[in-house]
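Novice: Dropping a structure here in structure tokens format, bear with me for questions.
The values are calculated or read from the model by the stated rules, or taken from the named source; none is laboratory data. Keep in mind the model is a prediction, meaning the values are calculated, not measured. Backbone-built Cβ (ideal geometry, glycine too); neighbour counts: all protein chains shown. Ligands, DNA and RNA are excluded from the accessible area calculation, which covers all protein heavy atoms including side chains. Shrake-Rupley method; radii C 1.70, N 1.55, O 1.52, S 1.80 Å.
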Amino acid sequence: MAAFDRSRMDRASVARALPALQETLPSLPRDAEGPLFDAPWEAQAFAMTLALHARGEFTWREWAHSLAEVISEVRQRGEADTGEHYYRHWLVALERMVSRKGLVTEALLQQRRQQWEEAARRTPHGHPIEL
């Protein structure tokens, strides 16, 4: 995992949110400087979550419940929970949360997934995916 690139996000926002988030989610991948990510999309999903929380769309307790629900489903299916797919679970939880809160429709989520898949197919290996 790579260290979080703080240049892509307001440091003050991360600093304000991180203590409560770490308390709520002790398994959050991190080092002494903050969250860790394997890919840019993971940092983007993290940043979207922080931004929605800062807007008051959900509490950290609600967020932790949503993420725990997804991880529980993974375990119930018998999938190994090695932490390798932590941000995939995070993204599923985020999609569910914004859907439940009425912030986005399922149709719009599906459209964005399709756009992402198309962009990924046309992006050369090793380059960032851009929509």
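Novice: Can you list the trypsin sites (Lys or Arg not before Pro) in the stretch 95-131 that are in a DSSP coil and have 14 or fewer other beta carbons within 10 angstrom?
Specialist: The qualifying sites are Lys101.
Novice: Another question, if that's okay. Which value, in Å² rounded to 10, gives the accessible area of Glu118 with a 1.4 Å probe and all protein chains present?
Specialist: That residue has around 80 Å² of solvent-accessible surface.
Novice: Loop-only check: which trypsin sites (Lys or Arg not before Pro) in the stretch 30-86 are DSSP coil with at most 10 other Cβ within 10 angstrom?
Specialist: Listed in order of number, the matching sites are Arg55, Arg77.
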